[in-house]
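Since the structure comes first, as structure tokens, the remarks are kept for the end.
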Amino acid sequence: MTQKFPKGDRMNATYRHEFYQESRSLPFVGYSKMLGHDEAQDKEYLLEQYISRMLRNGYMEKSYCMDFFTNYQRGNEKDLLLVSINSTGYELTNGAELYPHLNNMLKHYFANINNPEKRDEVFANKKRMGFQAEFWYNFQKTFTCKAHLVEYCAEIIKKFGEGQRSRCKGYYFKVLELQNLK
């Protein structure tokens, strides 16, 4: 009897992956959302969980490169590469470098690459403790001009407090770059 695996929801997933493996001529593609399941509202946490699941399930050992992208449904060439992982390290780009939990998880994973017990203890927990305000930190949100982005950032700081100022500042500059706002 063959085992049935859940199917990825390519239309509604926030992220997708391409894993490059020696045994395949084309990349192994998957999605952060499974059909019939909901995704986390906190998109940073969702990406962290998604990467944790793939590493925990041994895909790093089967692949020479693991790339994680946005899934904008406008064609793969328009999706942004967020995380690239290979056997020697990782690179965070296009705003993912501003995700501190993800960066810390991957840093710990590679610092303990030869000690599986210690390496795997860092994988994202099912639930994070405490209040998470990062759901506003969404690179799919579009702005028509720089002034609207400034207003949005000011609202976030007012609503969630000064503790969000540095993250909001990083978000501001990354959105300016990604959306080429004037």
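Quick notes on this structure:
- The residues of the stretch 68-79 that are modelled with pLDDT of 90 or more and open to solvent by 20 Å² or more (accessible area, probe 1.4 Å) amount to a single one, Phe69.
- Test: residue in the stretch 91-102 that is open to solvent by 10 Å² or more (accessible area, probe 1.4 Å) and in a strand (DSSP E or B): yes
- Every residue from the stretch 54-72 that is basic (Lys, Arg) and either touching a residue at least 60 places away in the same chain (Cβ under 8 Å) or touching a Lys or Arg at 6+ places or on another chain (Cβ under 8 Å) (or both): Arg56
- Every residue from the stretch 51-73 that is closer than 15 Å to Tyr20 by Cβ, of a type outside the set (Phe, Trp, Tyr) and assigned to a strand (DSSP E or B): Cys65, Met66, Asp67
- Selection count where residues are of a type in the set (S, T, N, Q), touching a helix residue (DSSP H, G or I) at 6+ places or on another chain (Cβ under 9 Å) and at pLDDT 70 or above, scope the stretch 98-132: 2
- Cβ separations smaller than 8 Å between residues 6+ apart or across chains give no pair from the stretch 162-177 residues that are of a type in the set (Asp, Glu) to residues that are surrounded by 14 or more Cβ atoms within 10 Å (Cβ to Cβ) and in a helix (DSSP H, G or I).
- Candidate set: the stretch 15-51, residues that are among the hydroxyl-bearing types (Ser, Thr, Tyr) and within 23 Å of Arg119 (Cα to Cα); chosen: the one farthest from the chain's Cα centre (by Cα): Tyr20
- Matching option when the condition is in a loop (DSSP other than H, G, I, E, B), under 28 Å from Tyr172 (Cβ atoms) and open to solvent by less than 50 Å² (accessible area, probe 1.4 Å), among Glu44, Glu39, Glu48: Glu39
- Considering the stretch 133-174, and only residues there that are aliphatic (A, V, I, L, M) and either open to solvent by less than 20 Å² (accessible area, probe 1.4 Å) or under 18 Å from the mean Cα position of the chain (by Cα) (or both), the residue that is modelled with the lowest pLDDT turns out to be Ala133.
- Pairs are defined by a Cβ separation below 7 Å, a sequence spacing of at least 6 or placement on different chains, a first member in the stretch 106-125 that is open to solvent by 40 Å² or more (accessible area, probe 1.4 Å), and a second member that is modelled with pLDDT under 75 and part of a loop (DSSP other than H, G, I, E, B); the pairs so defined are His108/Val122.
- Applying the set (1) over 16 Å from Ser87 (Cβ atoms); (2) touching a strand residue (DSSP E or B) at 6+ places or on another chain (Cβ under 6 Å); (3) not aliphatic (A, V, I, L, M) to Arg24 leaves exactly one unmet item: (2).
- Residues that are outside any loop (DSSP other than H, G, I, E, B), modelled with pLDDT of 85 or more and not hydroxyl-bearing (Ser, Thr, Tyr) within the stretch 1-19 comprise Arg16, His17, Glu18, Phe19, listed in sequence order.
- Filter result (touching a helix residue (DSSP H, G or I) at 6+ places or on another chain (Cβ under 8 Å) and not hydroxyl-bearing (Ser, Thr, Tyr)) within the stretch 31-53: Glu39, Ala40, Gln41, Asp42, Lys43, Glu44, Leu47, Glu48, Ile51
The values are calculated or read from the model by the stated rules, or taken from the named source; none is laboratory data. Note that the structure is a prediction, hence the values are computed from the model and not measured. Virtual Cβ from ideal backbone geometry, glycine too; neighbours counted across all protein chains shown. Only protein heavy atoms, including side chains, enter the accessible area calculation; ligands, DNA and RNA are left aside. Shrake-Rupley method; radii C 1.70, N 1.55, O 1.52, S 1.80 Å.
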